[in-house]
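> Structure incoming, see below.
The values are calculated or read from the model by the stated rules, or taken from the named source; none is laboratory data. Note that the coordinates shown come from a computational prediction; the quantities given were computed from them, not determined experimentally. Positions of Cβ are backbone-derived with ideal geometry, glycine not excepted, and every protein chain shown enters the neighbour counts.
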Amino acid sequence: MPDTPHSKDLRKGRFSEAHRIYHITTTTMNRQAWFSNYQCGRIVVHKLKQEAVRAQTLAFVVMPDHLHWLMQLKEGVAVSQVVKNIKSMSAFEINKFLGRNGSIWQPGFHDHALRREEDIKVLARYIIANPLRAGIVRSLGEYPLWDAVWL
């Protein structure tokens, strides 16, 4: 599949540093709400957990049409490879579950390497509060597709 306009710009200057904490955001193709289906969302959660050998998950929220993931990169791996693994493995399983073929994820992703002085817990709270801000739920306890290591 060809890149969308400017998707290559997301890779400019991308550098993977072991033990650095990254905030990853990636969206579904055409903002399709695949993860409104609870089982499809759980597939993404399961793949995040499987990726623990390459990246420690600190917090995440799987929204209906995108993923926010706060993770700490482990030694000897690249951010792009970790995200590629999550996206390809989850897309394969979701397509199998739905009995379909085709893209689940939009090409590319946004990453933000946290600076040492940034407050990780504040960012984690911001990430997991996405369903509240989006008006999907009135209480975070009502939303099943999130987690944080501090809870």
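> Can you list the strands (runs of 3 or more DSSP E) lying wholly within the range 1-98 that have 3 or more residues being within 28 Å of E117 (Cα to Cα), of a type in the set (A, V, I, L, M) and at pLDDT below 95?
On the way: elements: 21-27, 55-62, 66-73.
It comes to none.
> Looking at A33, A55, can you tell me which residue is over 14 Å from the mean Cα position of the chain (by Cα) and of a type outside the set (D, E, K, R)? Please lay out each step first, then the result.
Working: A55 fails: over 14 Å from the mean Cα position of the chain (by Cα).
Only one candidate qualifies: A33.
> Same structure, new question: Return the residues of the range 126-136 that are surrounded by fewer than 14 Cβ atoms within 10 Å (Cβ to Cβ) and in a helix (DSSP H, G or I); say none if nothing qualifies.
R133
> Testing V77 on (1) surrounded by 15 or more Cβ atoms within 10 Å (Cβ to Cβ); (2) within 15 Å of the chain's Cα centre (by Cα), one condition comes back false. Which one is that?
Status for V77: all satisfied but (2).
> Among the residues of the range 99-118, which ones are hydrophobic (A, V, I, L, M, F, W, C) and part of a loop (DSSP other than H, G, I, E, B)? Explain how you work it out, then say what you get.
Our first condition is that a residue be hydrophobic (A, V, I, L, M, F, W, C); within the range 99-118, this holds for 104-105, 109, 113-114.
Answer for the range 99-118, where residues must be hydrophobic (A, V, I, L, M, F, W, C) and part of a loop (DSSP other than H, G, I, E, B): I104, F109, L114.
> When both residues are 6+ apart or on different chains and their Cβ atoms are under 9 Å apart, which pairs have a first residue that lies in the range 25-42 and is free of Cβ contacts under 8 Å to residues at least 60 places away in the same chain and surrounded by 19 or more Cβ atoms within 10 Å (Cβ to Cβ), and a second that is in a helix (DSSP H, G or I) and among the aliphatic types (A, V, I, L, M)?
From the range 25-42, the pairs are C40/I94; C40/L98.
> Quick check: anything in the range 53-74 within 16 Å of A134 (Cα to Cα) and among the acidic types (D, E)?
Pass one, the range 53-74, residues within 16 Å of A134 (Cα to Cα): 60-68.
So of that shortlist, the ones also among the acidic types (D, E) come out as 65.
Within the range 53-74 (the criterion being within 16 Å of A134 (Cα to Cα) and among the acidic types (D, E)), the answer is yes, since at least one residue qualifies.
> Would you call L145 surrounded by 13 or more Cβ atoms within 10 Å (Cβ to Cβ), touching a Gly at 6+ places or on another chain (Cβ under 6 Å) and hydrophobic (A, V, I, L, M, F, W, C)?
Details: surrounded by 13 or more Cβ atoms within 10 Å (Cβ to Cβ): yes; touching a Gly at 6+ places or on another chain (Cβ under 6 Å): yes; hydrophobic (A, V, I, L, M, F, W, C): yes.
When the stated conditions are applied, L145 passes them.
> I'd like the full set of residues that are aliphatic (A, V, I, L, M), touching a residue at least 60 places away in the same chain (Cβ under 8 Å), in contact with a strand residue (DSSP E or B) (Cβ under 8 Å, 6 or more places away or on another chain) and crowded, with 17+ Cβ neighbours inside 10 Å, limited to the range 87-119.
I104
> Something else about it: For L123, state whether it is touching a residue at least 40 places away in the same chain (Cβ under 8 Å), farther than 18 Å from I43 by Cα and in a helix (DSSP H, G or I). Show your work before the answer.
On the way: touching a residue at least 40 places away in the same chain (Cβ under 8 Å): yes; farther than 18 Å from I43 by Cα: yes; in a helix (DSSP H, G or I): yes.
So L123 passes the test.
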